[in-house]
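One structure below.
Nothing in this text is a laboratory measurement; each read-out follows from the coordinates by a stated rule. All of these numbers come straight from a predicted model, not from anything done at the bench. We place every Cβ from the backbone using ideal geometry, glycine too, and count neighbours over all the protein chains shown.
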Amino acid sequence: MPSQDEITHEVIIVGAGLAGSWAAMTAAQEGVKDVAVLSKIHPLRSHSSAAQGGIAAALNNVRPVADTGPRGPLEQIPPGDEPVDSWELHMFDTIKGSDWLGDQDSIEIMVKAAPEIIYTYEHMGCVFSRTPDGRIAQRRFGGHSAPRANYSADYTGHVLLHTIHEQALRHGVNFYSEWYCLDLNVEDGVCKGIVALEVLTGKLHTLRAKAVMFATGGYGRAFRITSNAYANTGDGVAIAYDAGVPLMDMEFVQFHPTGLYRHGILMSEACRGEGGYLTNKDGERFMERYAPDKMELAPRDLVSRSEQTEIDEGRGIGPDGLGIHLDMRHLGREKILQRLPQIRDLAIEFVGADPIDEPVPIQPTAHYSMGGIPTNADGQVLANADGDPLVGFYAAGECACVSVHGANRLGTNSLLEASVFGQRAGRTIANFIQDGAKLQPLSGNPGERNQQHLRALLDRPGKENVEDIAQELKSTMTDNCGIFRDAGRMAAALEKIGALQERFKAAKVMDKSSRFNTDLLAALETSHLLTFSEVIVAGAQARTESRGAHSRTDYPKRDDENWLKHTVAHKGEPSEPPILSYKPVFIDWERYPPQERKY
Amino acid sequence: MSNNGSQPTVTVRVQRFNPDIDKKPFLQEYRLTPQRDTTILDALHEIKTHQDGGLTYRRSCRHAICGSCAMNVNGRNMLVCNVPLRKHLDRRNRVTIRPLPYLPIIKDLVVDRSSFWEQYLRIKPWLIPPDDIPEKEFRMSPQEVAALQNAEKCIMCGACYSACTVVATNKKYIGPHALLKAFMRVLDPRDATPGERLKEVGTDEGAFRCHTIFNCIDACPKGLDPTKAIETLRQLAAKRQAFEAARRERQKSLAGPVPVSE
Amino acid sequence: MYKTPGFISFALRRITGIALVLYLFMHIWVIGSAVGGAETFNERLNLFQQPAFKVAEVFLLAAVVWHAFDGIRLLIVSQFKVTDTRASQFYAVLVLAALVTIAGGVPILLFMLNGG
């Protein structure tokens, strides 16, 4: 590999999705002159673009038509009429959706900031679907008690990402496209920079900054059936963990109920928000038995568990019985073409089913990572369960855990979280720099260390196939730490992960060239999958209760007395398990005390 | 034994080229036994991970929204993640995959898109709003959204740019992708600078350089129509001042409800 | 080059356009000789009565006709933004041009075959 060099910036942000781009733009707006964003893929390829259904805010543009029931049509609210929604309601829905594990102070910040952020997107030129009188259109979504999903047909994330990227460009943000972050430099509780690989040339660079932020996204690729892009390998999460930063609530992985059968590709919750049904092989709308009130619009963890139960009990569809039907025929041709065009194309292209004419086969798919790098509501990364912030290190978006989603996320809240906390982190960073933060000297030679690591990876003869190791990991995570978990299977998963980590030491990188070596990247990404998967299973195994997306057949009840707390995991000694500690949840006992979670 | 839908063995011919090592591009053949629903991207993934790790291409979302995987398959540009392999086999069960044409090759199927992004930046893709910003959203009617002709769906994949004969022969041409984006901003009632935009793109480096060849429409994986957008830009450029005046008028009522059509 | 009906149409447009310009020069060369009197004019004109040039005349007709019809097609497409019938447009122009070329070309060739 060619030799390294050193680059400095005021701020370096890793990840160019919504969170990273908002932070970059905000920092630039607040006067930080030298903002750099690294992304291992071109910024517009970030997975934020895959979000479909909408972004939540209590704008009160739309309400259900009177006396038409919970699946009836919606109409715009005439000016002066009673609002049907409020930030308080949004807050309650989010808290309940999180199964009371969300930090309520952060949730309050997020929902209060929601309308402003949507209007800002719109003022920045984002193309939304509209009501007849020109306001932003809203639809129903799972777990929300009012229609507050602001949408752009069924490609909301796509329009939001393009809009914020354009604005970041307008504000002079430097984008390092196709630069892969390898390592985080944290010394004595202070973050000093990163080491990155320039994919084009294979050259290593040591980047120093006064502030570093990770906005690296989620980690769904640890599972076999996932809605996530190939790129979502949790690199930031693993790198931070390896650098001594703790990870929080990793065991909470959301399985989205409607991924395309066998592919896992997302079929937006909006399909159900617009009125779609879920049926089993007997044609029964089985959600009646699991969530009689909200039915298909119960929160995702509940619906996925219901689907999985139907499948496990033999009522699934498809040749292997692992699917469920998503029936949208009754929505009618016009509504599907108008509001759900993308998912129709996907259903036709990938499973050969036109939702206008037939039910679409779907199955639960690993979708969102509630866990991640712990931060406070200002985007500062925390060093421990006591909440002490690290100096100069920030995080936002799916890779972070504030926590606003707790044990389960409501749909449309992720686009909101990434935007709100990305913006907040940008402000915090700007203040930090303008208050006189200094560029920290490096004591070791992280560039050299990483160079040797890569050299070792490339040079060793190896006999193991990287993809095979990855596939075995995905299988064990899906089967043994998926929707339903128990002590025995999780123990098997941990053992398997240990064995795979051992085998990975003999993994072979076939491409030895310096130029655009994506084979090397795949190997690095697989090592990251192995790193954080262990943390997921360790946290899940320790948590002897069921809450939100973490569901155990051996501990089926929620246990507030012992488990109303966040899991914090630090990397242990080599070959030792993660060191677990626990952080209290911020709860307003007067306004939102924990309740039973029924839909 | 159950039929899992597998097909006979196919030959995947891929153009390889590493400028550091090879003198010129060459076609390499791989053999593979796909499933019925194996996409071309799935096939590339299988080859890369189990046969030849050096085979290099861009990809991410695998469901046609990120725009990474645009390539040239059997002479036509497309995304490879949402097309079944079996649909693109010739009579000898072969498929030929090359990088997007007319762009410098970085390695194998990865091309240098610098000129593509430069043109995108050049037309100022961000909205330039008026000075008067309301507290809530600008009002934009569903008809005004429809007038954008789905241009907001564009994923900047480059299939159109790299299929365009004018792009191939003229280094200064703005390109269908950027012209489509410019069209979207020109028609957006919230943009306060349609006149400047039309001046920038209504030139012989822009909308008037298009020769109506239509390759862009054929290539677009999202079914978009850059040619129609370009023709609209041409017509608007001819009536620029009237259009600017109409926009100023429209912007007076951006904060109030749009008239509901009967 | 990226080969589609649209590209072939563009290529033919360029080729016929150049051919027509070249023809124009030749035409001026011939007609302009009228300035030099009837004899010069007839001499030049007779140069182009040979069978080879008669056949070339048919191609010239094809070029003119195709170029004209494609031009009209472009005017219609630009004015009315017709972009969804791309391949059909191309073939329609081809067919029309072929018909007119045959209609005009047959007399030319008969004239040639009957010795002028």
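If one takes the longest principal axis of the Cα atoms in chain A, at what angle in degrees, from 0 to 90 and to the nearest 10, does the Cα axis of helix A:18-29 lie?
Helix A:18-29 sits roughly 70 degrees off the main axis of chain A.
On C-alpha positions alone, give me the angle between the axis of helix B:176-187 and the longest principal axis of chain B, in degrees, nearest 10.
Here the helix axis deviates by roughly 30 degrees.
Which entries in the list A:Lys210/B:Lys172; A:Lys496/B:Lys107; B:Lys136/B:Lys181 go over 29 Å, if you measure between the two C-alpha atoms of each?
Over 29 Å apart, Cα to Cα: A:Lys210/B:Lys172; A:Lys496/B:Lys107.
Check which residues have an amide H placed less than 5 Å from B:Lys172's amide H, if you skip close sequence neighbours.
Amide H neighbours of B:Lys172, under 5 Å, 5+ apart: none.
So how strong a dipole does the protein assembly as shown carry about its Cα centre when Lys and Arg Cβ are +1 and Asp and Glu Cβ are -1, to the nearest 20 debye?
3360
Hey, got the average number of other protein chain Cβ atoms within 10 angstrom for residues in C:6-13?
5
Explain nothing, just the number: relative contact order of the stretch B:1-79, from Cα pairs under 8 Å at least 6 residues apart, as a whole percent.
The normalised contact order for the stretch B:1-79 reaches 20 percent.
Give the residue from A:Asn408, B:Asn74, A:Ile311 lying farthest towards the positive end of the charge dipole for the protein assembly as shown; charges sit on Cβ (+1 for Lys and Arg, -1 for Asp and Glu) and the dipole is referred to the Cα centre.
Farthest towards the positive end: B:Asn74.
For the stretch A:326-429, state the semi-axes of the equivalent ellipsoid (square roots of 5 times the eigenvalues of the alpha-carbon gyration tensor), sorted largest first and rounded to whole angstrom.
The answer is 40, 14, 10 Å, longest axis first.
Report, in whole Å, the centroid distance computed from the Cα atoms of the stretch A:120-154 and the stretch C:81-107.
48
Please give, to one decimal in nm, the separation of the simple spin-label points placed at A:Asp386 and C:Val106, each 7 Å out from Cα toward the Cβ.
About 10.2 nm, to one decimal.
Please work out whether the stretch A:373-429 counts as rounded, prolate or oblate from its C-alpha gyration tensor, where a ≥ b ≥ c are the square roots of the eigenvalues and a/c under 1.5 means rounded, while otherwise a/b larger than b/c means prolate and anything else oblate?
oblate
Name the residue farthest towards the positive end of the dipole of the protein assembly as shown from the options A:Leu337, B:Leu187, A:Ala196, assuming +1 on Cβ of Lys and Arg, -1 on Cβ of Asp and Glu, about the Cα centre.
So the residue furthest toward the plus end is B:Leu187.
Mind jotting down the distance between the C-alpha centroids of the stretch A:535-581 and the stretch B:219-246, whole Å?
57
Strictly under 4.7 angstrom between C-beta atoms: which cysteines of chain B have no such partner?
Taking the Cβ cut-off of 4.7 Å, the unpaired cysteines of chain B are B:Cys69, B:Cys81, B:Cys154, B:Cys157, B:Cys164, B:Cys210, B:Cys220.
Is any residue of the stretch A:27-46 close enough, with backbone N under 13 Å, to a label point placed 7 angstrom from the Cα of A:His171 along the Cα-Cβ axis, and if so, which?
Residues A:27-37 qualify, since their backbone N sits under 13 Å from the label point.
Whole-Hz ³J(HN,Hα) for each residue in the stretch A:40-45, computed from phi via Karplus 6.51 cos²θ - 1.76 cosθ + 1.60 with θ = phi - 60°, x for glycine and proline: what do you get?
Listing the rounded values in order: 6, 10, 4, x, 6, 8 Hz.
When the Debye formula is applied to the Cα atoms of the stretch A:403-522, each taken as the same point scatterer, what base-10 log of I(q)/I(0) results at q = 0.15, 0.18, 0.19 Å⁻¹?
Here log10 of I(q) over I(0) equals -1.03, -1.00, -0.99.
I want the local charge near A:Arg45. Using Cβ-Cβ distances under 10 Å, sum +1 for each Lys or Arg and -1 for each Asp or Glu among the other residues.
Around A:Arg45, the charge tally is +2.
Please compute P(r) over all alpha-carbon pairs of the stretch B:114-254, binned at 10 Å starting from zero, and give each bin as a whole-number percent.
12, 44, 32, 11, 1
Once phi is turned into θ = phi - 60°, what whole-Hz ³J(HN,Hα) does the Karplus curve with 6.51, -1.76 and 1.60 give for every residue of the stretch A:239-255, x standing for Gly and Pro?
Karplus-based 3J(HN,Hα) across the stretch A:239-255 equals 4, 4, 4, 5, 8, x, 7, x, 10, 10, 6, 5, 5, 8, 10, 8, 9 Hz.
With r defined as the distance between the Cβ atoms of B:Arg240 and C:Ala56 and R0 fixed at 51 Å, what FRET efficiency is calculated, to the nearest 0.05?
0.65
Nearest 10 degrees, 0 to 90: what angle lies between the long axis of helix B:226-238 and the longest principal axis of chain B (Cα atoms)?
So the helix axis and the longest Cα principal axis differ by about 30 degrees.
How many angstrom separate the Cα center of the stretch A:367-413 from the Cα center of the stretch A:1-79?
Taking the Cα centre of each part, the stretch A:367-413 and the stretch A:1-79 sit 16 Å apart.
Which of rounded, prolate, oblate describes the protein assembly as shown, given a ≥ b ≥ c as roots of the alpha-carbon gyration tensor eigenvalues and a/c under 1.5 marking rounded, otherwise prolate only if a/b is larger than b/c?
prolate
Percent of Cα-Cα pairs more than 23 Å apart in chain C, please.
Summing the P(r) tail past 23 Å for chain C gives 44 percent.
At 0.36 nm per residue, minus the direct Cα-Cα distance, what do B:Arg36 and B:Thr169 gain on full extension? Give it in nm, one decimal, please.
The B:Arg36-B:Thr169 span can extend by a further 43.9 nm.
What nm distance separates the two modelled labels at A:Glu561 and A:Phe586, each placed 7 Å from Cα along Cα→Cβ?
2.9
What percentages make up the Cα-Cα pair-distance distribution of the stretch B:170-226 when the bins are 5 Å wide from 0?
4, 19, 27, 23, 16, 9, 1
Exceeding 24 Å between C-alpha atoms, which entries from my cross-link table qualify? They are B:Lys153/B:Lys239; A:Lys505/A:Lys565; A:Lys557/A:Lys598; A:Lys294/A:Lys335.
Too far apart for the 24 Å limit: B:Lys153/B:Lys239; A:Lys505/A:Lys565.
Report the Cα-based extents of the stretch B:10-111 along its three principal axes, largest first, to the nearest Å.
37, 30, 25
Can you work out the FRET efficiency for the pair B:Arg92 and A:Asp5, with r the C-beta to C-beta distance and R0 = 41 Å, to the nearest 0.05?
0.25
Return the percentage of antiparallel bridges among DSSP beta bridges fully within chain A, rounded to the nearest 5 %.
Among the beta bridges of chain A, antiparallel pairing accounts for roughly 65 percent.
Can you figure out the FRET efficiency of C:Ser88 with A:Leu337, using R₀ = 25 Å and their beta-carbon distance, to the nearest 0.05?
0.55
Per residue of the stretch C:63-70, what does 6.51 cos²θ - 1.76 cosθ + 1.60 with θ = phi - 60° give for ³J(HN,Hα)? Whole Hz please, x for Gly and Pro, Karplus curve as stated.
Karplus-based 3J(HN,Hα) across the stretch C:63-70 equals 4, 4, 5, 5, 4, 5, 5, 5 Hz.
Determine the gain in length on full extension of the stretch A:Gln29-A:Val65; use 0.36 nm per residue of separation and subtract their C-alpha separation, reporting nm with one decimal.
Here the answer is 8.8 nm.
May I ask you to order A:77-87, B:122-132, B:42-52 by the average number of other C-beta atoms within 10 Å around their residues, highest value first?
Result, highest mean first: B:42-52, B:122-132, A:77-87.
Which value in deg cm²/dmol, rounded to the nearest 500, describes the helix-derived mean residue ellipticity at 222 nm for chain A, given -39,500 (n - 2.57) per DSSP H run of n ≥ 4 and division by the residue count?
Using -39500 (n - 2.57) per qualifying helix, the result is -10500 deg cm²/dmol.
How long are the semi-axes of the equivalent ellipsoid of chain B, defined as square roots of 5 times the Cα gyration tensor eigenvalues? Whole Å, largest first.
Here the semi-axes work out to 42, 21, 15 Å.
Which of C:Thr40, C:Gly104, C:Ala19 sits farthest toward the positive end of the charge dipole of chain C, with +1 on the Cβ of Lys and Arg and -1 on the Cβ of Asp and Glu?
Towards the positive end, the residue furthest out is C:Ala19.
Could you please rank A:Tyr277, A:Tyr555, C:Tyr91, placing first whichever residue has the fewest other Cβ atoms within 10 Å of its Cβ?
Going from sparsest to densest Cβ surroundings: C:Tyr91, A:Tyr555, A:Tyr277.
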